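Heads up, the thing below is written out as structure tokens.
Derivation of every value follows stated rules applied to the coordinates shown; laboratory data play no part. Quantities reported herein were computed from a predicted structural model and do not represent experimental measurements. Backbone-built Cβ (ideal geometry, glycine too); neighbour counts: all protein chains shown.
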Amino acid sequence: MVNQNEDYLNQIFHALSDPTRRTMVQLMSEKERSIKDLAEPFDMSLTAISKHIKVLERANLLERNVRGRTHFCKLKTDSLDAAKEWLRFYERFWNNRFDLLEDELLNAKKKEH
């Protein structure tokens, strides 16, 4: 059985797996954006944009506010923090690999001289 935290992380990583949604997250990191602003860089229908927005909402990566007839989206960083914490656990593995690579490169350089 998948626990709630794992399901939450799955939603976050699924949302971030798409380049369109990653661009939207980047745009919202600068400031709150209207749906129209988020759609502008893409050659796709507003219906398609709306589907991307809903995926980001389900992953709790954005907060939508309606003012008049305009929907505004603001980045919520809590989910990004959760993903970062999950990745941080694995950081020790790639840091170890980088240390090993550095040792190999230094040894190879010493052998050249």
Exercise. Relative to the first principal axis of the alpha-carbon coordinates of the chain, what is the inclination of helix 78-112, with its axis defined by its Cα atoms, in degrees from 0 to 90 and to the nearest 10?
Worked result: 30
Exercise. For the peptides 76-84, 100-108, what is the packing order when you average, over each peptide's residues, the other Cβ atoms within 10 Å and list the highest mean first?
Worked result: 76-84, 100-108
Exercise. Of (1) 13, 35, 27, 19, 6, 1; (2) 13, 34, 22, 15, 11, 5, 1, 0; (3) 11, 30, 34, 19, 6, which one was derived for P(r) over Cα pairs in 10 Å bins from 0, in percent from the structure shown?
Worked result: (2)
Seminar exercise, completed: Too long for a 32 Å Cα-Cα cut-off, among Lys31/Lys51; Lys51/Lys84; Lys84/Lys110, are Lys84/Lys110
Problem set entry | Total charge dipole magnitude, the chain, about the Cα centre, Cβ charges on Lys, Arg, Asp, Glu only, Debye to nearest 20 | 440
Exercise. By how many degrees, 0 to 90 and rounded to 10, does the Cα axis of helix 46-58 deviate from the longest principal axis of the chain?
Worked result: 60
For this session: Please give every one of the aspartates and glutamates within straight-line cross-link reach of Lys54, meaning a C-alpha to C-alpha distance under 15 Å, and leave out same-chain neighbours fewer than 8 residues apart.
Result: Asp18, Glu63
